[in-house]
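These notes concern the structure reproduced below.
Each reported figure results from applying straightforward, stated rules to the coordinates on display, with no laboratory input. Source: prediction; values computed, not measured. Cβ: placed from backbone, ideal geometry, glycine included. Neighbour counts: every protein chain shown.
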Amino acid sequence: MIQTVEELAGDLGLCPRDQFVLNLVVDEIATNAVEHAYPDGEEQPIELRIRLDPERRLVIQLEDGGVAFNPLEQQPAALDAPIEEREIGGLGIHLVREKVDRMEYERRGDTNCLTLFYTLTHA
């Protein structure tokens, strides 16, 4: 998936910073789906769509048929707590929230549908 994302970033002429953000958010969200969406360990597809809208925003959509999970309902990571007191996990979602302009989640039937919006830093 990352190779495809890197090729797309090159095709779109994204600057290195925008390429980094695109790779980071796709990797974090896809990794969460792989690790948590299917507790029985079954392999299932994750659908990824990326497009550039007229306002020069990347619209990144990931869909999986796993267990319902709305990342917007996750508590923010407790970054100011001592590391020994922090909960394991949650930093990936925190990083994604920090990098994108907006996140939308919808459960359609048995499908998790997450859409991320990221405005390019260089037009």
Assuming 1.306 mPa s and 10 °C, estimate D for segment 2-119 with Stokes-Einstein, Rh taken as the Kirkwood radius over Cα pairs, in µm²/s. 105
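Based on the Cβ-Cβ distance of Leu91 and Ile46, what FRET efficiency does E = 1/(1 + (r/R0)^6) give at R0 = 22 Å, to the nearest 0.05?
Numbers: r = 20 Å, r/R0 = 0.92.
It comes out at approximately 0.60.
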Between Tyr38 and Leu12, 0.36 nm times their residue separation minus their Cα-Cα distance comes to what? 6.1 nm
Projecting the Cα atoms of Ile60, Thr31, His122 onto the charge dipole of the chain, where Lys and Arg contribute +1 and Asp and Glu -1 at Cβ, the residue farthest towards the positive end is His122
Residues of segment 5-31 with backbone nitrogen within less than 12 Å of a virtual label 7 Å along the Cα-to-Cβ line of Arg56, please, listed as ranges. 14-15
